[in-house]
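What follows is one structure encoded as structure tokens, with my remarks underneath.
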Amino acid sequence: MLRVLTAGESHGQALTAIIEGLPAGLELDLTRINCLVRRRQGGYGRGTRMKIEKDRVEILSGVRGSVTLGTPLTLVIYNRDWENWQEIMAVGPEAKLTERVVHSPRPGHADLAGGLKYRQTDLRNILERASARETAIRVAVGAIAAELLACLGIKVQGQVVAIGDVQASGEVKIGEDKLLYGNPLYCVDQEASLLMIKAIEEAKKRGDSLGGVVQVIAEGVPVGLGSHVQWDRRLDGRLAQALMSIPAIKGVEIGKGFSTASLFGSQVHDEIEYQEGQGFRHRTNHAGGIEGGISNGETLVLRAAMKPIPTLTQPLASVDWHTKKPTVAAVERADVCAAPAAAIVAEAVVAWVLAVVVTEKFGGDHFEETLLNYRNYVEQIKK
Ligand SMILES: Cc1cc2nc3c(=O)[nH]c(=O)nc-3n(C[C@H](O)[C@H](O)[C@H](O)COP(=O)(O)O)c2cc1C
């Protein structure tokens with residue numbers, strides 16, 4: 001079983017992850033892995049923190065000579081901002097606990113609920129872990145998953161399809177990375193992205209923030225990942241959970257998603273045909289590549305709605321944590337819009353779930369065993 005845990009505070013020394021269950025013999029390209037990690041830092045609308053950080057993941061265990069050993073991988077991304085915070089965030093008794101205290105909870109953040117639940121006097125103790133800085137290490141984890149998927153011909157790509165009320169148009173297909181990520185919005189529609197930039201700038205001027213919709217496409221996914229037999233084996237459920245676990249994601253749809261609710265069955269379901277040599281196919285892909293909780297061999301199409309960033313430079317009303325008097329919400333350094341970064345995080349978490357279900361289905365202590373099982377299965381399915 002492939003599993004992972006992450007740790008680390010936003011202004012702590014480092015973010016870490018331990019991955020267990022990767023087969024031995026999988027070659028990893030650290031340059032490619034770090035390319036995705038750096039991409040998460042980009043995108044139009046980010047705050048100044050991303051100018052400080054130059055994220056780069058290091059692998060401390062589980063790999064020798066660029067090849068996995070079948071032992072747990074330890075990943076680490078050091079926070080450059082730690083330099084400015086080491087006295088405040090120190091692990092030992094020397095920590096300066098009376099500095100940079102957060103006492104006005106931000107609407108839309110974990111500050112209030114977390115502060116009450118964990119009985120904190122300083123809400124920083126909540127926001128440090130609730131911060132989406134954690135997604136940096138999750139992208140590194142997803143990038144490692146993507147290495148495994150790539151060896152099986154599965155490619156996953158995230159992109160932005162809306163910012164605020166500006167919608168991109170265009171076909172759902174994997175784009176050329178250079179073109180897509182050369183665009184500051186990580187959006188294929190160049191015209192719409194100019195309007196998106198304008199919308200972000202207007203929000204920024206008003207001290208406000210904006211959300212958006214991100215889309216993840218996965219091509220080359222074989223039929224048969226996930227299962228209908230038990231609720232927690234359904235691929236749609238597992239992907240939705242992974243996407244919903246990204247901070248600020250408030251809705252997930254698969255294929256035509258919410259729009260199917262207002263259509264007739266004949267407009268929604270994808271007719272089936274059989275082609276010699278190709279096997280069974282669907283004429284359309286409204287289902288987004290999953291039927292009955294099982295991948296059906298078509299391209300996976302997932303969308304996630306991101307709410308606007310909660311930290312506003314024109315802060316909303318709040319209440320002081322200690323005096324209980326009305327005040328305004330705390331202001332931390334923040335992004336105005338992080339939908340492009342969220343598209344990369346979404347790509348990473350989808351890659352992770354796909355790697356989990358792939359290893360579940362094809363097994364293998366060594367990757368060659370995984371590959372052999374995979375190839376046998378794909379051949380058999382075609383027949
Ligand atoms: C890539 C990314 C960057 C984010 N940047 C910020 C930020 O700079 N400031 C902020 O307040 N929230 C930011 N968020 C959103 C918060 O982390 C999130 O809204 C908060 O943790 C509360 O969780 P919830 O929105 O899921 O309820 C970001 C989210 C993502 C995915």
Residue tally, condition more than 16 Å from the ligand (Cβ to nearest atom), farther than 20 Å from GLY292 by Cβ and among the acidic types (Asp, Glu), over region 204-234: 1
Pick from region 47-76, criterion touching a helix residue (DSSP H, G or I) at 6+ places or on another chain (Cβ under 7 Å) and within 14 Å of the ligand (Cβ to nearest atom), ranking: modelled with the highest pLDDT: ASP55
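Only one of these is more than 19 Å from ILE88 (Cα to Cα), of a type in the set (A, V, I, L, M, F, W, C) and in contact (Cβ under 8 Å) with a residue 12 or more places away in the chain: ALA110, ALA150, ALA130. Name it. Spell out how you get there, then give the answer.
Details: ALA150 fails: in contact (Cβ under 8 Å) with a residue 12 or more places away in the chain; ALA130 fails: more than 19 Å from ILE88 (Cα to Cα).
The unique qualifying residue is ALA110.
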Tell me which residues, restricted to region 121-137, are more than 10 Å from the ligand (Cβ to nearest atom) and either charged (D, E, K, R) or in contact with a helix residue (DSSP H, G or I) (Cβ under 7 Å, 6 or more places away or on another chain) (or both). ASP122, LEU123, ARG124, GLU128
If I filter region 106-137 down to residues being buried (at least 17 other Cβ atoms within 10 Å of the Cβ) and in a loop (DSSP other than H, G, I, E, B), which single residue comes out as farthest from the chain's Cα centre (by Cα)? ASP122
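Which residue out of VAL336, VAL301, VAL353, VAL349 is under 28 Å from the mean Cα position of the chain (by Cα), more than 27 Å from LYS204 (Cα to Cα) and within 16 Å of the ligand (Cβ to nearest atom)?
On the way: VAL336 fails: more than 27 Å from LYS204 (Cα to Cα); VAL301 fails: within 16 Å of the ligand (Cβ to nearest atom); VAL353 fails: within 16 Å of the ligand (Cβ to nearest atom).
Of VAL336, VAL301, VAL353, VAL349, the one residue that is under 28 Å from the mean Cα position of the chain (by Cα), more than 27 Å from LYS204 (Cα to Cα) and within 16 Å of the ligand (Cβ to nearest atom) is VAL349.
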So for region 331-342 (the condition being under 24 Å from ALA355 (Cα atoms), in contact with a Pro (Cβ under 8 Å, 6 or more places away or on another chain) and not small (Gly, Ala, Ser)), does at least one residue qualify? yes
Taking region 256-292 and keeping residues more than 26 Å from LYS307 (Cβ to Cβ) and open to solvent by 100 Å² or more (accessible area, probe 1.4 Å) leaves PHE264, SER266, HIS269, GLU271, ILE272, TYR274, GLU276, GLN278, PHE280, ARG283
The residue that is least open to solvent (accessible area, probe 1.4 Å), considering only those in region 152-180 that are more than 21 Å from ALA305 (Cα to Cα) and acidic (Asp, Glu), is ASP177
Test: VAL319 is closer than 19 Å to GLY207 by Cβ, surrounded by fewer than 20 Cβ atoms within 10 Å (Cβ to Cβ) and modelled with pLDDT of 95 or more: no
Among the residues listed as LEU312, LEU354, the single one being in a helix (DSSP H, G or I) and open to solvent by less than 30 Å² (accessible area, probe 1.4 Å): LEU354
Taking ARG238, is it within 20 Å of ARG40 (Cα to Cα) and surrounded by 16 or more Cβ atoms within 10 Å (Cβ to Cβ)? no
Give the residues of region 299-313 that are closer than 15 Å to ASP208 by Cβ and polar (S, T, N, Q), sorted by residue number. THR311, THR313
Can you work out which of the residues in region 241-255 that are crowded, with 19+ Cβ neighbours inside 10 Å and farther than 18 Å from GLY211 by Cβ is nearest to the ligand (Cβ to nearest atom)? ALA242
What is the one condition in (1) modelled with pLDDT of 95 or more; (2) more than 14 Å from VAL357 (Cα to Cα) that ASP189 does not satisfy? (1)
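The values are calculated or read from the model by the stated rules, or taken from the named source; none is laboratory data. Not measured: the values here are computed from a predicted model. All Cβ positions, glycine included, derive from the backbone under ideal geometry; neighbour counts span all protein chains shown. Heads up: the accessible areas ignore ligands, DNA and RNA and are worked out on the full protein's heavy atoms, side chains in. Shrake-Rupley method; radii C 1.70, N 1.55, O 1.52, S 1.80 Å.
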